[in-house]
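The values are calculated or read from the model by the stated rules, or taken from the named source; none is laboratory data. These figures come from a predicted structure and were not determined experimentally. Here the Cβ positions follow ideal geometry from the backbone for every residue, glycine too, while neighbour counts run over all protein chains shown. Accessible surface areas use protein heavy atoms only, side chains included; no ligands, DNA or RNA. Shrake-Rupley method; radii C 1.70, N 1.55, O 1.52, S 1.80 Å.
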Amino acid sequence: MQTWIPLWLPGETAHAGAVDLLFIGLLVSSVLVLLLLFALLLRFAIHYRAGNADADRNHQIKKSWTWEVSWTTATLVAFLGLFVWSAQLFVNLQAAPNDALPVYVVGKQWMWKVQHLGGQREINELHIPLGPAVRLIMASEDVIHSFFIPAFRIKHDVVPGTTQTLWFRPRRAGVFHLFCAEYCGTDHSRMTGRIVVMEQPAFEQWLARQDVNGTLASGGERLFRQLGCGGCHGAGAAVRAPVLQGLYGKPVPLSDGTIEIADERYLRDAILKPRAKIVAGYQALMPSYEGKISEDELVQVTAYLKSLAEPGPSK
Ligand code: CUA
């Protein structure tokens with residue numbers, strides 16, 4: 001946007017203009033209200049100051065319902081308008097396009113750990129290609145952190161115990177600042193990093209150059225076996241557990257009558273708190289894996305379960 005305003009650097013994502021506009025709208029309406037208030041305050045303070053003979057003090061005005069109701073309604077409508085405007089933007093920022101490239105981020109004291117689908121890992125850096133929308137699936141290992149890329153006009157709290165998602169589409173290649181924007185302990189101020197947006201071919205090369213020990217999904221498959229998940233969820237298992245093939249992204253009917261979509265958040269909850277949401281027609285037999293699996297590993301298992309739903313050679 002306007003580079004001539006110091007400290008207001010241009011927004012580098014597709015939605016940045018909309019966020020800037022909202023910010024300006026909020027600023028302008030606040031300033032207007034402030035100016036009106038202070039102008040009236042000053043005018044009355046000066047006009048009715050003690051000893052001013054020009055001031056007419058004989059006709060004290062009674063409470064006016066017309067003024068009171070119209071003033072309250074006008075401000076209510078104006079600020080509800082702002083609310084609807086920002087809520088719309090917020091909802092848009094929650095719903096990622098279906099073809100968005102997923103990248104997994106885990107915050108911990110005091111670093112950002114990133115895992116790509118191909119198994120590439122990085123710390124305090126996030127390499128992404130220019131072109132597709134990028135969807136971040138974020139979790140925290142310890143306390144609340146906040147993933148903040150000012151140039152992209154996005155910031156999202158990363159809260160322990162849940163999965164948060166965020167998406168954006170960068171507009172140009174370049175290197176941008178990453179910050180943690182939530183005080184999270186001694187080295188909070190050092191919990192910074194770089195976002196590197198690369199042209200597609202350069203990104204492919206970067207991916208190929210990384211040391212990789214199998215894809216994210218294959219790491220998840222390994223964990224799936226180590227943790228013995230196949231004992232119940234595998235083919236021919238003695239215990240009747242929900243089938244995981246083709247599960248990801250599908251609606252799951254629960255025993256309490258509600259239906260949930262099997263997304264990252266659902267799978268995570270199902271692994272850590274299996275008894276909170278029982279799939280309809282099944283018994284609450286699954287033990288919780290809370291404390292037995294790290295956030296990094298959860299990401300891998302989720303990627304594996306996701307891969308079971310993808311068309312291609314069946315496993
Ligand atoms: Cu993490 Cu502040």
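Results for (1) farther than 30 Å from GLY185 by Cβ; (2) open to solvent by 60 Å² or more (accessible area, probe 1.4 Å); (3) at pLDDT 90 or above; (4) touching a strand residue (DSSP E or B) at 6+ places or on another chain (Cβ under 9 Å), shown as yes or no for each residue.
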position: LEU35; (1), (2), (3), (4): yes, yes, yes, no
position: ARG43; (1), (2), (3), (4): yes, yes, yes, no
position: ALA53; (1), (2), (3), (4): yes, yes, no, no
position: ASN58; (1), (2), (3), (4): yes, yes, no, no
position: VAL69; (1), (2), (3), (4): yes, yes, yes, no
position: GLY81; (1), (2), (3), (4): yes, no, yes, no
position: VAL84; (1), (2), (3), (4): yes, yes, yes, no
position: ASP99; (1), (2), (3), (4): yes, yes, no, no
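Counting only residues that are part of a strand (DSSP E or B) and touching a Gly at 6+ places or on another chain (Cβ under 7 Å), the range 90-115 holds 1 of them.
If you go through the range 120-136 and keep only what is more than 15 Å from the ligand (Cβ to nearest atom) and open to solvent by 10 Å² or more (accessible area, probe 1.4 Å), you end up with GLN120, ARG121, GLU122, GLU125, HIS127, LEU130, GLY131, PRO132, ARG135. Checking each residue in the range 187-214 for being over 24 Å from the mean Cα position of the chain (by Cα) and farther than 26 Å from GLY11 by Cβ picks out GLU204, GLN205, LEU207, ALA208, ARG209, GLN210, ASP211, VAL212, ASN213, GLY214. Would it be correct to say that ALA238 is open to solvent by 80 Å² or more (accessible area, probe 1.4 Å) and small (Gly, Ala, Ser)? Criteria met by ALA238. One residue stands out among those in the range 271-294 that are free of Cβ contacts under 8 Å to residues at least 12 places away in the same chain and of a type in the set (A, V, I, L, M): the one that is least open to solvent (accessible area, probe 1.4 Å), which is ALA284. Scanning the range 163-206 for residues being within 16 Å of the ligand (Cβ to nearest atom) and among the polar types (S, T, N, Q) gives a total of 4.
With the requirement that a residue be within 16 Å of VAL114 (Cα to Cα), in a loop (DSSP other than H, G, I, E, B), out of contact with any helix residue (DSSP H, G or I) (no Cβ under 7 Å at 6 or more places or on another chain) and modelled with pLDDT under 90, what does the range 161-212 give you? Scanning the range 161-212 gives GLN210, ASP211, VAL212.
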